[in-house]
Amino acid sequence: MSQVSAEFIATRIAILTVSSRRGEEDDTSGHYLRDAAHEAGHQVVDKAIVKENRYAIRAKVSAWIADDNVQVVLINGGTGFTDGDQVPEALLPLFDREVEGYGELFRMLSFEEIGTAMMQSRAVAGMANGTLIFAMPGSTRACQTAWEHIICGQLDARNRPCNFHPHLKK
């Protein structure tokens, strides 16, 4: 199976904002991810906001993992170190395999922007049932860092030497 393609292939993306405070009207990070995905040529097939509750998060992501129309899930919020930050605990049991390099690279890039505060970021990624899942902090700047420096290139089938496109459900 080839790791690269000669042409761009759009992916089907769902976006989840995890917040007990934000609604659709002030979901700046979710809006950024939606707009960035569209600008890159991808299709946003669903978008939702759930409260900071590991079971609500897990239920929504599980539904998307089971949905053949969703290839990628982008999650913003819930990755910090407060009691309400439950995203890693919600996701880790769902992963068939973790993408360890994502969290490491995100924290490395964040160090350049926010210094040692990056240690409290628990950004995680993994694959489940052919669905690629990226979780990042809820700030719009953190979403920009994750999208622009990591995720966008890895969703592009033309990216060399490799990308995640061959591993996604069709």
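The values are calculated or read from the model by the stated rules, or taken from the named source; none is laboratory data. Note that the coordinates shown come from a computational prediction; the quantities given were computed from them, not determined experimentally. Ideal geometry is used to build each Cβ from the backbone, glycine not excepted, and the neighbour counts take in all protein chains shown. Areas reflect the complete protein model, heavy atoms only, side chains present, ligands, DNA and RNA absent. Shrake-Rupley method; radii C 1.70, N 1.55, O 1.52, S 1.80 Å.
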* To do: Would you calculate the separation in nanometres between label points at E148 and K170, each defined as 7 Å from the Cα along the Cα-to-beta-carbon direction?
  => 3.6 nm
* Structure fact -> Of all DSSP beta bridges having both residues in the chain, the percent classed as antiparallel (nearest 5) is 30 percent
* Approximate spin-label separation D26-T116, in nm, with each point projected 7 Å along Cα-to-Cβ -> 3.2 nm
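How much accessible area per residue does segment 18-170 have, counting only protein heavy atoms and a probe of 1.4 Å, in square angstrom? Walk me through the intermediate numbers first.
Details: 7280 Å² over 153 residues.
Per-residue accessible area for segment 18-170 comes out at 48 Å².
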* Rounded, prolate or oblate (a/c below 1.5 giving rounded, otherwise prolate when a/b exceeds b/c) for segment 1-135 by Cα gyration tensor -> rounded
* To do: Starting from the Cα of N129, step 7 Å along the direction of its Cβ; do the same at F81; then give the gap between the two resulting points in nm.
  => 3.5 nm
* Structure fact -> For segment 107-122, Karplus-derived ³J(HN,Hα) couplings (6.51, -1.76, 1.60; θ = phi - 60°; whole Hz; x for glycine and proline) come out as 5, 4, 5, 5, 4, 5, 9, 10, x, 6, 4, 4, 4, 8, 8, 10
* Could you tell me how many degrees, from 0 to 90 and to the nearest 10, lie between the Cα long axis of helix 54-66 and the main elongation axis, the longest principal axis, of the Cα atoms of the chain? => 10 degrees
* Structure fact -> Whole-percent carbon and sulfur contribution to the accessible surface of segment 1-147 (1.4 Å, no ligands, DNA or RNA) stands at 51 percent
* **Per-residue [θ]222 nm for the chain (sum of -39500 (n - 2.57) over DSSP H runs n ≥ 4, rounded to 500)** => -9000 deg cm²/dmol
* May I ask for the angle, rounded to the nearest 10°, between helix 28-39 and the longest principal axis of the chain, with both axes built from Cα atoms and the value confined to 0 to 90°? => 10 degrees
* Structure fact -> So, over other residues within a Cβ distance under 15 Å of E39, counting Lys, Arg +1 and Asp, Glu -1, the net charge is -2
* If r is the Cβ-Cβ distance from E98 to A66 and R0 is 25 Å, what FRET efficiency results, to the nearest 0.05? -> 0.80
